[in-house]
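What follows is one structure encoded as structure tokens, with my remarks underneath.
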2 protein chains.
Amino acid sequence: MTKDSPKKKVKIHFNPDNVDIVVKPGENLLQAAIAAGVHIYASCGGVGTCGTCKVLLEKGQVETTRTDKLSDEEYEQGIRQACQSRVITDSTVYVPVESRLERAVLSREQKGISEVVATGWRFRPPLNKCYVELPPPTLEDNASDLSRLLRGLRQQCKLSNISVDFGVVMKLAKILRDGDWKATVTTLVTAVKPRAGDRRRPRVLDIEAGDTRERHYSLALDIGTTTVCGQLLDLNRGKVIAENLAYNGQIGYGQDVITRINYCQQPGGLKKLQQAVVTTINEIIGELLKQSQVEAEHIGHIMVAGNTTMTQILLGLEPKYIRLAPYIPVANYFPPVRANSLGINLQKQAYLFTFPTVASYVGGDIVAGVIGAGVHQRKKLTFFMDIGTNGEIVIGNSEWMATASCSAGPAFEGGGIKHGIVASDGAIEEFSINPTTLEPELKTIGGTKAKGICGSGLINIAAGLLEAGVIGQNGKFNRDLPTRRIRQGTDGYEYVLAWAPETQTGKDIAISEVDIDNLMRAKAAMYAGCQTLSKSVGISCSSFDQAIIAGAFGSNIDIEKAITIGLLPELPLNRFIYIGNSSLLGARLTSFSTDLLDDARRVAQMMTNFELSENADFMNNYIAASFLPHTNTKEFPKVSKRLAKLVKKT
Amino acid sequence: MTKDSPKKKVKIHFNPDNVDIVVKPGENLLQAAIAAGVHIYASCGGVGTCGTCKVLLEKGQVETTRTDKLSDEEYEQGIRQACQSRVITDSTVYVPVESRLERAVLSREQKGISEVVATGWRFRPPLNKCYVELPPPTLEDNASDLSRLLRGLRQQCKLSNISVDFGVVMKLAKILRDGDWKATVTTLVTAVKPRAGDRRRPRVLDIEAGDTRERHYSLALDIGTTTVCGQLLDLNRGKVIAENLAYNGQIGYGQDVITRINYCQQPGGLKKLQQAVVTTINEIIGELLKQSQVEAEHIGHIMVAGNTTMTQILLGLEPKYIRLAPYIPVANYFPPVRANSLGINLQKQAYLFTFPTVASYVGGDIVAGVIGAGVHQRKKLTFFMDIGTNGEIVIGNSEWMATASCSAGPAFEGGGIKHGIVASDGAIEEFSINPTTLEPELKTIGGTKAKGICGSGLINIAAGLLEAGVIGQNGKFNRDLPTRRIRQGTDGYEYVLAWAPETQTGKDIAISEVDIDNLMRAKAAMYAGCQTLSKSVGISCSSFDQAIIAGAFGSNIDIEKAITIGLLPELPLNRFIYIGNSSLLGARLTSFSTDLLDDARRVAQMMTNFELSENADFMNNYIAASFLPHTNTKEFPKVSKRLAKLVKKT
């Protein structure tokens, strides 16, 4: 008998790259990956402080030094920081897309991303391409074409209990023979780990002759009321390969969802709006294909995140009851439809998936955002806010979620503000004021002469004027101050931000009491929403472990100033995280992982919607919030203390 | 403490009527049903000898006297003869459609039906109508329309894990409000008792405002190469309410499947043939609706039985590879398609289901036939034969089935026979011959003057001539007989059946050696098929417990004469059963019961197809069978003995 000598070498298999490397036991996993040519992102250089090199240990043993970047839940799921792990036995390791994505693309939208992106999912796109080589039929083996294909999928791809689209049956005979019995099959698997009682099964959506696995793409789309953003995804590499955005072609039919819904009541109105957004989508697709040199026929599906109205109009579903009390959407979950049945220029078998919705005013965009941010994965009490004309709020964690929508009005997008403009060249974005001279210092987008005020600028100006005592907590100007910048304008009192010679318009640009009043209404609606929703679930606005600010507009606001005017709750600044277009992020990540696609449906069902529009508590909170920052100083103790000092000083 | 006194009354609940009756324990179940107004058919008057009053005991206990009309399997399944059962405890009893159908309709096609129709299935149409009354939405209960509907279906109809057609989502908002939150939902449930691992689930196919349960119809269609037969079914009552048939509009493009497949190779050919049969289907539907005063919008689905070529052409699937070796159909199972996507004039949500196929020449018509005849339900070794241009044979029982198709040629339909005509007025159907004078005695269809010879007449004539020694076992005329009826005609020797003055054509009608030769080829192909298939599974043609003769032509042949010429195997006559159009029967019964629909798929998978066209054994058997009745006297001992006596006598 001989004693077992310790094993001299261990093998690591990296997925989805399907790459092996043999190393000595004890080798650092990150180093092993680099040696194997597997690109794992480690922004801190492998010292364990950034938490971006997380991988999923599928099989085998590693020894890991725990850091605070790895939660208990993650550890239990098998997630490890590659840089902190040493390989002990033969192992199989998944490198999730978040740890491998080209950061150049991601970082554009995600400041502080490593904290808030969904983690722990496997790179398994819902749409998968399987290549099969079938034995040609003979008199002895004369199964039908479909039986032969299914047998091949069972034997070569381990797929069973498959359903098949009729469109595939239609072209099956020709494709199999054209490819000399070699074919690539696109399957949809919406549940990787079917839960008990889960009856979903793989579905064959398409078939192509020969081996086309290399060409495997999808689209992620965020359809906003104003803007449509699209990304072309490489499903083999978990990579964004092109990006484009355009105004939603429906803008000509009304600025907000209510006017769009009204337009749908005209004869042919719904059809017209549907066509308008489809035209926009087709333009974006055209641009993405041009950028990437990918062909439309290789795009397998589209994942769409949109609010409830945008989703229903895109699908041609009457949105009328969304705006009539008690505000009922047609469905929370819409079955996938063929993209080209809606007029989208893709091949016949490409499906369009929409995110499930929660309610008429909490749509698939919010579900996608929550999924993208991974709110559903953490025990941390999270405040998630998407600020816009309609502001949506989600409070919760992996156990529960409550949501509400508040109609803030268009002030944040420059609407209802005399000199308001959208965020573009010449928009006043940053503002400070000399406390002695009361002269302003401005910064515009693009550094050009001022043209107007954008939403984030408006917040900064109001906060600056408030802190300098130029306006009071009621939003009214202090008319006794020794500056010619405060004057009586056509709309009442105003503060001149830029004199005519300094502007692009050749006219003075000012902010008036009416403008400030509009901003106060908008921020009061958002804050009252947050307060009402928090109270409904028995917590206070100061108890959030993290606050995620989503949306393009949200990414540009100065958190501190937003707290000063009472738009955001007064939390320590380091609890705030910008996540940018989280809807698009969610659409992208679910295109990469069936785990997250499953989560989306679960999350939509889990969210409890609180209808604020006819809620008495909300109305009271709204009135109380119509002050800078708030009538109740306990809601904003620090800001209130600062402002109180100011009052004493003056 | 008191002793339990024996229960004084028991309650019987009858399904699907949903009727209760309270009776004394020990009451006869048939009598109880009659008292409850539930019509159970009992042709023997309730003495237990006919076996037509079978019911399914779902719950409770009855005491049953067993008769030979109830098999062990049936007994284990809970089937009882109502007339032989006494109720012991509270019970729930299903009255299957076969025990309640209007016999007037059934009996037209089914001689000896009670023996061979599928039994033991529950009356549960795959398409079901559920009525729900939903609470209107409020601010507190503001679930989406679809969630509300699904909740209603769960609570009121016990349906869960439902999928929903997008077409239903499209009209949902309007329908629910039009019907004031009362609606009728059409669901498809393809598995009543899901088996382990079965992942099918109810699917909502349609929704109508208000309560429309009363109007619930479907169509059963048998699409033959020559004829299309349709029945309109009342799914509430399990009843045929109208019936119609028409020639398949494809006839103009070729008589048999091979010429049709060839036609499909022309540009636009497939589309043309598809449209031709769809036009025929639409004509039949129009006629059925006219007869019944039912409206098209209340027809929920169509169940189609057709051979593989007819099925593929109807669905628009290239049939080319059916006729090229190794004879491959596109699929064995075709997903349901929207009837109106094929051009069929039904409402948008109506689906068309096709029977699964076994092989290129053993199609859904045969699967439907086997299901209709209940071959799959019995342990009896069964021989099932559908005689036509293509004759299909099935051998087997509930445990296994083997099948083959043999190309008999057109002789049985009057083709290739000089005076051959289809079975219609004036066709010589019966024939006998005076053994002394050798003068014939004829009977024509309709009793008119003779016009020609139909298929069944041809068999009878050949048998009569053989038994009278007018022709020999090689099919050649005995030229020495003292009758002027045997003469040299233009095609060689012939026997004059009717002289010119006795015919509609004004010309002599005769049968020639060439005609007899054609018949011999046809019958040799059928018999050789039977022999080859039997041998392949290790049994002999004389061991069948029952022989089911299907098809319109089959119903008209004289079994004894068919044995005499060697078309059918020499079994005791009482083992033969005519079943008529078993494909249409199968299509109808599966429209009534998901149990049978499930069975159809199982049976198609269970059947092993033997390809005869390039089988050496088949060719040998064919040559051996090209004799009257057969070169091997052991195959037909009784006929051979009779003919041997004849030879001695002459």
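Return only the number of the condition from (1) part of a helix (DSSP H, G or I); (2) within 13 Å of another protein chain (Cβ to nearest Cβ) that A:E287 does not satisfy. Unmet condition: (2). In the condition set (1) in a loop (DSSP other than H, G, I, E, B); (2) over 30 Å from B:V185 (Cβ atoms); (3) more than 14 Å from chain A (Cβ to nearest Cβ); (4) modelled with pLDDT of 90 or more, B:I393 is compliant with all but (1).
State which residue is nearest to the chain's Cα centre (by Cα) when the search covers only the stretch B:212-247 and only residues that are in contact (Cβ under 8 Å) with a residue 60 or more places away in the chain and under 20 Å from B:N390 (Cβ atoms). Ranking the candidates gives B:D222 first. Among the residues of the stretch A:607-626, the ones that are farther than 18 Å from A:E392 by Cα and among the acidic types (D, E) come to 0 in all. Just checking, how many residues over the stretch B:297-331 are out of contact with any strand residue (DSSP E or B) (no Cβ under 6 Å at 6 or more places or on another chain) and either within 12 Å of chain A (Cβ to nearest Cβ) or modelled with pLDDT of 95 or more (or both)? Count: 22. Considering the stretch B:299-326 alone, what residues qualify as being closer than 22 Å to B:V370 by Cβ and either touching a Lys or Arg at 6+ places or on another chain (Cβ under 8 Å) or in a strand (DSSP E or B) (or both)? Of everything in the stretch B:299-326, those that are closer than 22 Å to B:V370 by Cβ and either touching a Lys or Arg at 6+ places or on another chain (Cβ under 8 Å) or in a strand (DSSP E or B) (or both) turn out to be B:H301, B:I302, B:M303, B:V304, B:A305, B:G306, B:T309.
Can you spot a residue in the stretch B:159-171 that is in a helix (DSSP H, G or I), free of Cβ contacts under 8 Å to residues at least 40 places away in the same chain, among the hydrophobic types (A, V, I, L, M, F, W, C) and more than 9 Å from chain A (Cβ to nearest Cβ)? Give the derivation first.
Taking the stretch B:159-171 as the starting set, the residues that turn out to be in a helix (DSSP H, G or I) are B:166-171.
Now drop any that are not free of Cβ contacts under 8 Å to residues at least 40 places away in the same chain, which leaves B:166, B:169-171.
Right, trim to among the hydrophobic types (A, V, I, L, M, F, W, C) and you get B:166, B:169-170.
When the remaining residues are screened for being more than 9 Å from chain A (Cβ to nearest Cβ), the result is none.
No, the stretch B:159-171 contains no residue that is in a helix (DSSP H, G or I), free of Cβ contacts under 8 Å to residues at least 40 places away in the same chain, among the hydrophobic types (A, V, I, L, M, F, W, C) and more than 9 Å from chain A (Cβ to nearest Cβ).
Restricting attention to the stretch A:555-574, does a residue exist that is over 29 Å from B:L139 (Cα atoms), buried (at least 24 other Cβ atoms within 10 Å of the Cβ) and within 23 Å of the chain's Cα centre (by Cα)? Checking the stretch A:555-574: at least one residue is over 29 Å from B:L139 (Cα atoms), buried (at least 24 other Cβ atoms within 10 Å of the Cβ) and within 23 Å of the chain's Cα centre (by Cα).
Checking the stretch B:578-600 against the condition returns no match, with no residue being of a type in the set (D, E, K, R) and surrounded by fewer than 19 Cβ atoms within 10 Å (Cβ to Cβ).
When A:S398 is tested against (1) touching a His at 6+ places or on another chain (Cβ under 6 Å); (2) crowded, with 22+ Cβ neighbours inside 10 Å, just one condition goes unmet, and that condition is (2). For the stretch A:332-354, the tally of residues that are of a type in the set (F, W, Y), touching a strand residue (DSSP E or B) at 6+ places or on another chain (Cβ under 7 Å) and within 9 Å of chain B (Cβ to nearest Cβ) stands at 1. Picking from residues in the stretch A:330-360 that are outside any strand (DSSP E or B) and of a type in the set (S, T, Y), the one that is surrounded by the fewest Cβ atoms within 10 Å (Cβ to Cβ) is A:S341.
For the stretch A:427-448, what are the residues that are assigned to a strand (DSSP E or B) and closer than 21 Å to A:I486 by Cβ?
First, pick out the residues of the stretch A:427-448 that are assigned to a strand (DSSP E or B): A:427-433, A:440-444.
If the condition is that a residue be assigned to a strand (DSSP E or B) and closer than 21 Å to A:I486 by Cβ, then A:I428, A:E430, A:F431, A:S432, A:I433, A:P440, A:E441, A:L442 are the ones that fit.
Any residue at all in the stretch B:358-375 that's over 17 Å from B:I549 (Cβ atoms), of a type in the set (S, T, Y) and in contact (Cβ under 8 Å) with a residue 24 or more places away in the chain? The answer is yes; a qualifying residue exists.
Would you check if there is a residue in the stretch A:181-196 being surrounded by fewer than 14 Cβ atoms within 10 Å (Cβ to Cβ), over 21 Å from B:Y333 (Cβ atoms) and at pLDDT 95 or above? Looking through the stretch A:181-196, none of the residues is surrounded by fewer than 14 Cβ atoms within 10 Å (Cβ to Cβ), over 21 Å from B:Y333 (Cβ atoms) and at pLDDT 95 or above. Just to be sure, is B:Y495 at pLDDT 95 or above, closer than 30 Å to B:V375 by Cα and crowded, with 18+ Cβ neighbours inside 10 Å? So B:Y495 fails the test. Does A:E208 satisfy being away from chain B (no Cβ under 14 Å), of a type in the set (D, E), surrounded by 18 or more Cβ atoms within 10 Å (Cβ to Cβ) and not in a helix (DSSP H, G or I)? Yes; evaluated as a whole, the condition is true for this residue.
Residues are listed down the side, and each one gets a yes or a no for (1) over 20 Å from B:E287 (Cα atoms); (2) assigned to a loop (DSSP other than H, G, I, E, B); (3) among the charged types (D, E, K, R):
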site: B:K174; (1), (2), (3): yes, no, yes
site: B:T187; (1), (2), (3): yes, no, no
site: B:V204; (1), (2), (3): yes, no, no
site: B:T212; (1), (2), (3): yes, yes, no
site: B:R215; (1), (2), (3): no, yes, yes
site: B:A220; (1), (2), (3): no, no, no
site: B:C229; (1), (2), (3): no, no, no
site: B:N244; (1), (2), (3): no, no, no
site: B:I258; (1), (2), (3): yes, no, no
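Of everything listed in (1) more than 13 Å from A:A462 (Cβ to Cβ); (2) not in a loop (DSSP other than H, G, I, E, B), the single unmet condition for A:K507 is (2). With the condition kept exactly as written, say whether any residue in the stretch B:476-496 is among the polar types (S, T, N, Q), in contact with a Ser or Thr (Cβ under 9 Å, 6 or more places away or on another chain) and within 22 Å of B:G566 (Cβ to Cβ). Within the stretch B:476-496, one or more residues are among the polar types (S, T, N, Q), in contact with a Ser or Thr (Cβ under 9 Å, 6 or more places away or on another chain) and within 22 Å of B:G566 (Cβ to Cβ). Residue pairs whose Cβ atoms lie under 8 Å apart, separated by 6 or more positions or on different chains, with the first residue in the stretch A:130-157 and within 19 Å of B:I328 (Cα to Cα) and at the interface with another protein chain (Cβ under 8 Å from one of its Cβ atoms) and the second aromatic (F, W, Y) and surrounded by fewer than 20 Cβ atoms within 10 Å (Cβ to Cβ), are A:L146/B:Y333.
Do we find that B:A359 is under 30 Å from B:P126 (Cα atoms) and modelled with pLDDT of 95 or more in this structure? Answer is no for this residue.
Return yes or no: is A:E635 within 14 Å of chain B (Cβ to nearest Cβ) and of a type in the set (D, E, K, R)? Answer is no for this residue.
Would you confirm whether or not the stretch B:574-588 contains a residue that is at pLDDT below 95, of a type outside the set (S, T, N, Q) and more than 22 Å from B:G224 (Cβ to Cβ)? Yes, the stretch B:574-588 contains at least one residue that is at pLDDT below 95, of a type outside the set (S, T, N, Q) and more than 22 Å from B:G224 (Cβ to Cβ).
Under the condition of being in contact with a strand residue (DSSP E or B) (Cβ under 6 Å, 6 or more places away or on another chain) and under 23 Å from B:P336 (Cα atoms), which residue from the stretch B:594-610 is farthest from the other protein chains (Cβ to nearest Cβ)? Of everything passing the filter in the stretch B:594-610, B:T594 is farthest from the other protein chains (Cβ to nearest Cβ).
The values are calculated or read from the model by the stated rules, or taken from the named source; none is laboratory data. None of the values given here were measured: they were computed from a predicted structure. Methodologically, a virtual Cβ is constructed for each residue, glycine included, from the backbone with ideal geometry; neighbour enumeration extends over all protein chains shown.
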